[in-house]
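Scroll down for the structure; my scribbles are underneath it.
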């Protein structure tokens, strides 16, 4: 009887080893499958921000100091000059209307009028010893005598213009065209603003 039990025990031992090994293999496969579906802890972790918090900038700024300015007051016009006469010297310059002509004007610039026109040619002669700034010189025209209705300044592409300055002993001529009805009664007035520090020069006479 003892011999039979020993023989039976030896026959079951290989089967026990096989079952254990099989269980370990199945457990390893299951663990591999489950572990593959789990997220990587290192990949799931959110990266820490690497930038620094900006320093707030001041909202108020210092007011810059004002620069010095010189106020220029234009002197009043003393007298009027006939259209065909030269004006008294202004800052060493002689100003004269060398031509006052009539015609018609056709506006090319949007908004410019067309119609009867008066063109005034102004000559500046520098008799002084320093250049005269003529870059900002302006000319205006009114018609209708004391009504002083302003003529409309227009752009004539063929007109002569003043240079930036007129040298001592030199002269320059510029043309200024204004749309104004030629049938209007009364004198015309041509105002020449040569320099901001000098009085305007006003020429008056019958319309051409």
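The values are calculated or read from the model by the stated rules, or taken from the named source; none is laboratory data. What you are looking at is a predicted structure, and each value in this text was computed from that prediction instead of being measured. Quick reminder, even Gly has a Cβ in these numbers, built from the backbone with ideal geometry, and neighbours come from all protein chains shown.
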- [ ] Quickly run through segment 103-135 and pick out the residues that are assigned to a strand (DSSP E or B) and loosely packed, with under 13 Cβ neighbours inside 10 Å.
- [x] 103, 104
Open item on the list: Can you find a residue that is in contact with a strand residue (DSSP E or B) (Cβ under 8 Å, 6 or more places away or on another chain) and touching a residue at least 40 places away in the same chain (Cβ under 8 Å) anywhere in segment 70-78?
Closed with: yes
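For every residue, the table says whether it meets (1) within 16 Å of residue 171 (Cα to Cα); (2) at pLDDT 95 or above; (3) touching a helix residue (DSSP H, G or I) at 6+ places or on another chain (Cβ under 9 Å).
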position: 89; (1), (2), (3): yes, no, no
position: 92; (1), (2), (3): yes, no, no
position: 97; (1), (2), (3): yes, yes, no
position: 108; (1), (2), (3): no, no, no
position: 114; (1), (2), (3): no, no, no
position: 121; (1), (2), (3): yes, yes, no
position: 126; (1), (2), (3): yes, yes, no
position: 133; (1), (2), (3): yes, no, no
position: 142; (1), (2), (3): no, yes, no
Open item on the list: What pairs come out if I take residues in segment 197-208 that are closer than 17 Å to residue 98 by Cβ and pair them with residues that are in a loop (DSSP other than H, G, I, E, B) and at pLDDT 90 or above whose C-beta lies under 6 Å away, six or more apart or interchain?
Closed with: 201/87; 203/83; 205/83
- [ ] Please work out which one of (1) surrounded by 15 or more Cβ atoms within 10 Å (Cβ to Cβ); (2) touching a residue at least 40 places away in the same chain (Cβ under 8 Å); (3) closer than 26 Å to residue 110 by Cβ is the condition residue 138 fails and give its number.
- [x] (1)
TODO: Could you tell me which of the residues 100, 154, 161 is surrounded by 12 or more Cβ atoms within 10 Å (Cβ to Cβ) and over 32 Å from the mean Cα position of the chain (by Cα)?
DONE: 100
